[in-house]
1. Tell me which residues, restricted to segment 272-289, are out of contact with any Phe, Trp or Tyr (no Cβ under 7 Å at 6 or more places or on another chain) and touching a residue at least 24 places away in the same chain (Cβ under 8 Å).
2. Condition first: surrounded by 21 or more Cβ atoms within 10 Å (Cβ to Cβ) and aliphatic (A, V, I, L, M). Now tell me which residues in segment 290-310 satisfy that.
3. Whether any residue in segment 41-61 is among the basic types (Lys, Arg) and farther than 26 Å from TYR167 by Cα is what I want to check.
4. Quick test for you: out of LEU98, LEU58, pick the one residue that is surrounded by 18 or more Cβ atoms within 10 Å (Cβ to Cβ), under 23 Å from ILE171 (Cβ atoms), touching a Lys or Arg at 6+ places or on another chain (Cβ under 8 Å) and not basic (Lys, Arg).
5. From ALA264, ALA251, ALA228, grab the single residue that is in contact with a Lys or Arg (Cβ under 9 Å, 6 or more places away or on another chain), buried (at least 17 other Cβ atoms within 10 Å of the Cβ), in contact (Cβ under 8 Å) with a residue 40 or more places away in the chain and assigned by TED's automatic domain parsing to the domain that holds GLY153.
6. If we only count helices (runs of 4 or more DSSP H) wholly inside segment 109-220, which ones have 1 or more residues that are in the same structural domain as PRO252 (by TED's automatic domain parsing), without any contact (Cβ under 8 Å) to a residue 12 or more places away in the chain and surrounded by fewer than 23 Cβ atoms within 10 Å (Cβ to Cβ)?
7. Kindly list the number of the only condition in (1) at pLDDT 90 or above; (2) in contact with a helix residue (DSSP H, G or I) (Cβ under 7 Å, 6 or more places away or on another chain) that fails for ARG39.
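The values are calculated or read from the model by the stated rules, or taken from the named source; none is laboratory data. If you're wondering where the values come from, they're calculated on a predicted model, not measured in any experiment. Cβ placement follows ideal geometry from the backbone for every residue including glycine, while neighbour counts extend to all protein chains displayed.
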Amino acid sequence: MTRSLAGLGAGARVLAFDVGGTDIKSALFDAEGVALGLRRTPTPVVEGDRTQVLLERLEVLAAELRAAYPDVIPEAVGLVVPGIVDADAGLAVFASNLGWRDAPLRDLAAERLGLPVAFDHDVRAASWAERQLGGARDYADSVVLVIGTGIAGAIFVGGVPHTAGGYAGEIGHSPIADAPECPCGARGCLEAVASAGAIARRYRDATGIEPDGAKDVIARAAAGDQVAAEIWNSALDALTLSLAQLAAVVAPQAVVIGGGLSRAGGALFDELRERLAARLSFQRVPVLVPAELSGNAGLLGAALRARELA
């Protein structure tokens, strides 16, 4: 399959891989920025550390792409993965669902694929694509917040990602209360209250009814369901508190919100704008804008990083 991903434009030919816990997105980008052979394949599953089986799968995917498009010779590889990632050191510091600790994935992948590898965190790479091509492109000081099953983010200061060895941007695990307990082991994390996954889970736990995701809970709240309204209101309050903390400490010009919850539209954005303006005093109120790139933002970010290296 050949697809053009909006806005990538001309540049070096690169391989790009966006590794997730369940699947890997892969493509070969040509000199015009067209994604060739774009597809999803399952992430290999083994007990413990998946480093070696992942490298083997990447080698196979790269060989298949090169064989399918022999005239498009890649100059570099972009590889993005979840977890705690120290991009500068090339280390996958930690990912519980992939079993690695301090795995030197960048160097191992470069050796296996025979090309220089640009290595980064998946959400940070997706946020870099938003910074270069999407909703954050006009804001040098910005935060990209992805609200889906969990909550992840990235911080840009002067147009440069603030990474802190891979530990910065964990906005979903910033504390906003003393409860509930988060799967990470801490208490009161934003993600445990306001992610799309948490909203649906909290409604199910309160009512015994399995909702069709967070969007169903929001619709029930709008229709007068008191339990749904309380859960949605508490999620909005938690998000407002987290955004207010970011405004006070980082002072972003904009917060770009993506992920499944961003599709709630005005029910999310209008409420957050109103609540945030009421919460802040002298601080700069950030513009709240929806993310513009699709679910392929991570792959685009991987390609952009690879082009910087080529």
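1. Scanning segment 272-289 gives LEU272, ARG275, LEU276, ARG279, LEU280, GLN283, ARG284, VAL285, PRO286, VAL287, VAL289.
2. Answer for segment 290-310, where residues must be surrounded by 21 or more Cβ atoms within 10 Å (Cβ to Cβ) and aliphatic (A, V, I, L, M): ALA291, LEU293, ALA297, LEU299, LEU300, ALA302, ALA303, LEU304, ALA306.
3. yes
4. LEU98
5. ALA264
6. 196-207
7. The single condition ARG39 does not satisfy is (2).
Results for (1) out of contact with any Pro (no Cβ under 9 Å at 6 or more places or on another chain); (2) modelled with pLDDT of 95 or more; (3) buried (at least 22 other Cβ atoms within 10 Å of the Cβ); (4) not assigned by TED's automatic domain parsing to the domain that holds GLY165, shown as yes or no for each residue.
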| position | (1), (2), (3), (4) |
| --- | --- |
| VAL14 | no, yes, yes, yes |
| GLY20 | no, no, no, yes |
| ALA68 | yes, yes, no, yes |
| VAL72 | yes, yes, no, yes |
| GLY83 | yes, no, no, yes |
| PHE94 | yes, no, no, yes |
